[in-house]
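This report concerns only the one structure given below.
The values are calculated or read from the model by the stated rules, or taken from the named source; none is laboratory data. The model shown is predicted, which means the values in this text are computed figures rather than measured ones. All Cβ positions, even for glycine, are placed from backbone atoms using ideal geometry, and neighbour counts span all protein chains on display. Surface areas here come from the heavy atoms of the whole protein model, side chains and all, with no ligands, DNA or RNA. Shrake-Rupley method; radii C 1.70, N 1.55, O 1.52, S 1.80 Å.
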Amino acid sequence: MARFRLNAGPGTRAAARRLTLLLGGSALALLPFEPAAAADPTQPAIENITVTAQKRSEDIKEVPLSITAISGEQLKEQHIQNYDDLARAVPNLSFANGGGTGLDKLELRGVSSNADEPTVGLYLDDVPITTRNLVNTGAAQPQFFDIDRVEVLRGPQGTLYGASSMGGTIKFITNQPDLDNFGGSVLSTLSGTEHGGINYEEQGVVNVPLVDGKAALRLGADINDTSGYIDHYTLDGTLAQQGVNDEKTYAFKAALKLQPTDDLTITPSMFFQRLHSDDTSVYSLPPQQFSENFFITEPNLPKLSQDKEVAEPGRDTVFVPAITVNYDAGWADVTSVSSYFWRQFPRVQDGTYYNSVLLASSLQGLYPNVDPTPIALLPSTAYITPTTNTYTQEIRFSSKSEKETGLPYSWVGGLYTSDNHLHLSDQEYISNLYPTIASLYGADPNAILGALTPVTGPLLGNLVYSQEERFDQRQYAVFGEGSYHLLDDLKLTAGLRYSFARASLGGSGGALFNADAPSPFGDNSHSYALTPKFAAVYDVADDTSVYANASKGYRLGGPNSPNPQFECSTDYQNLGITGTPLTYGPDSMWSYELGSKSRLFDNRVVASIAGYYIDWKNVQQHIYLPTCGFDFNANVGDAEVYGSEAEIRGRVTPELTLSATGSVNHSQLTKVLPGSGAEVGDKLLDTPDWSATFGADYVLSLSSQWDGFVRGEWVWTGASHGAFGLTDPNHQDPVYDVFNTSFGVEQGDLVISIFAKNLFNQDKTIQRPSLLSANEGYTVQPFTIGLTVSTNF
């Protein structure tokens, strides 16, 4: 068995060199091949992969950047179901999970920032589905069904994909309607999770030609129920409910392909998905102490349990209609993509630890002779509703390929515009607050609470915080990229994008904890960006190429929401600032990459390796104010990121395929501005120092009709940091590993598989998301075993 030993921390540079030697070139050290041995042409080759990373169909080997492409079959075989699974399968892709599906924040190559603008762009085919990073929301996550492949493009993609692709871009490429053939697929999965219950997934896809060669309809549906494995206890230690974090997802897609002429194709499509989560997938980490003798979370609470007073359900809805038009104009291919992206994610959050305990603590300071524990125990419910809708239009022109024209050059260019709107509603309550204060203090509650805030006036029932915000942003861009074969074996590429955006933020707020914030408020900002790209590819041999590229990425700036001054004054003093900045500026980076791609031994070994250095200026970061619980965005300084990743896959025999990946990453702040709460040398957040995987796939013939198979993947993820402060519970996240396996039989298109995920039940607390100031833990889904039956027809 191949072994990996990857050192992190101060030895990262040396580890990178060792990984380069281990996996670079033909990477023969991992496979039992003799370099001089003649290839056996009867052995099956590893399939070629075609990608659309540069907005044209190309062999992945010809694209001068680091790409991981995972086919739809691999997604099913490896039971990759969400971003957590995907991150463990793709080198240098990482995540910070806020407690369940739809709450991930994604990073590539250590380019990590939890500011409003994300660093990884997301696309469903050619439709951007990127949403702003909010404290309460993560990246939109479409169900991984009827997918042709997932393309993960590393490094800034500012030329062809624009803003919010600083770290890279993830594209979900769906299967398109077939004009000539009726067919489809069905899949059924039944499984069970340790410390949880029964899970199931039912999936069906059908492709129907309506007019031979002219029109076809493709429909698909997926229903997924994942049982909960977090138990709820009352504050007195009584088990109240098991498996509270159950998730149900319903997804539906439809695409109609029309080809009225040989030169024109029109494809209207629609994707709809709704996720119901009964609660978050985090558990309480005791003890959380309010006073000398009072614990919000009991020290003896069992693992995978929580005792919060308010359940935190959510309903995440995504709707993506689009119309794609392709026209062969002879001299070029013209593509128009008109799309709309709508996402609404209303959630309930438990604000008890923040609202009720904070209020009780404040009153304890003002009235030390009264025990405020009954106030700290009052349930506080926060209703958070973000709604995003984005209209986009892209028109691009692509030359014919060099093979088609016989010319030494090719090009692509186009125009892009988007109109994005975000409405965020945040309404927070403390139940039974008025009578509790009156009984404890024997006075008018408004008089007692009036001592906490300079703003007078009665409470609005039990409402203690209210905020309504609307963010609007319009972007306009023109882009182009061209390639030229300077020599038969040397191709040069250059590209440029110019973008302009304007943004506005407005809203209103009030109630006790938002008493002296400006209301109504509003501000505007403008951003400009010029993002070039340069690349070169040299074919060292027919089966190996090397490449180099330099590219620029950027994110737009924007306005900040105001925060109450009286509550946050201590936090502002600690940061050395007088208040929340009105705006934050754009940030940008230059990335420099060297790499190689090989297809060896008659395409029986595929290997790629890349090294990179990133210079990041004016890093946008989310600044959390721990005392008052508010936040804002700011430019915190500069950072550098460097590292490498490698992937290899080899068909050792007709029956056995081995694969391995590895990555190392070093990312840290090199310059820190006042008010950031960070220091020079701090590592960027949620980016593991290293990762490695090893996989094996063995197929054997059982009879003239049936084949059997055994598969396994072992994944290691290195240590990372979830927060800058040394005293923050999430500062140090541990090394962890996960082993997945499956075995089964297949006959033609029929596949019957028994699988196990997290076979050895890894249960480390891998992250500690801070949700409304509560210290909570997140781990890998416990050991899950199940049966999948699928077939194509």
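Worth a mention:
- Efficiency of FRET between residue 417 and residue 315 - r from beta-carbon atoms, R0 41 angstrom, step 0.05: 0.85
- HN-Hα J in Hz across segment 215-222 - Karplus 6.51, -1.76, 1.60, θ = phi - 60°, x for Gly and Pro: 8, 8, 10, 10, 10, x, 9, 9
- Cβ-Cβ FRET estimate between residue 759 and residue 526, R0 fixed at 56 Å, reported to 0.05: 0.60
- Positive end of the dipole of the chain (Cβ unit charges, origin at the Cα centre): among 559, 255, 356, the Cα lying farthest that way belongs to 559.
- Each peptide in 50-57, 343-350 receives the mean, over its residues, of other Cβ atoms within 10 Å, and ordering these scores from highest gives 343-350, 50-57.
- Dipole magnitude for the chain: about 1300 debye, using +1 per Lys or Arg Cβ and -1 per Asp or Glu Cβ, origin at the Cα centre.
- In the chain, helical runs assigned H by DSSP with n ≥ 4 each contribute -39500 (n - 2.57); averaged across all residues and rounded to the nearest 500, the mean residue ellipticity at 222 nm is -2500 deg cm²/dmol.
- Ranking 47, 468, 58 from most to least accessible surface, computed with a 1.4 Å probe over the protein chains only, gives 47, 468, 58.
- Between segment 510-589 and segment 345-391, the Cα center-to-center distance that results, in Å: 28 Å
- Summed residue charge, Cβ within 11 Å of residue 639's Cβ, Lys/Arg positive, Asp/Glu negative: -2
- Near-label residues of segment 624-663 by backbone N, under 15 Å of a point 7 Å along Cα→Cβ of residue 594: 642-645
- The residues of the chain expose on average 39 square angstrom of accessible surface per residue, using a 1.4 Å probe on protein heavy atoms.
- Residue-span extension gain [residue 401 to residue 300] - 0.36 nm each, minus C-alpha spacing: 29.8 nm
- Zone of residue 329's modelled label, taken as backbone nitrogen in segment 398-413 under 17 Å from a point 7 Å along Cα→Cβ: 398-401, 410-413
- Taking label positions 7 Å along the Cα-Cβ direction at both residue 447 and residue 248, the computed distance is 5.2 nm, reported to one decimal.
- Estimated vicinal HN-Hα couplings, Hz - segment 372-377 in sequence order (Karplus 6.51, -1.76, 1.60; Gly, Pro = x): x, 3, x, 6, 4, 8
- Under 14 Å, Cβ to Cβ, from residue 522 - net charge with Lys/Arg +1 and Asp/Glu -1: -2
- Fraction of accessible area attributable to carbon and sulfur, the chain (%, probe 1.4 Å): 56 percent
- Dipole of segment 636-793, positive end: most advanced residue of 636, 694, 662 [Cβ charges, Cα centre]: 694
- These residues, 405, 385, go from largest to smallest accessible area, 1.4 Å probe, as 405, 385.
- Residue 671 paired with residue 710, simple spin-label distance in nm, labels 7 Å along Cα-to-beta-carbon: 5.7 nm
- Residue 263/residue 239 FRET efficiency (R0 60 Å; Cβ-Cβ; nearest 0.05): 0.35
- Among the listed values (i) 46, 30, 26; (ii) 64, 33, 25; (iii) 51, 39, 28, the one matching semi-axes √(5λ) of the Cα gyration tensor in Å as calculated from this structure is (i).
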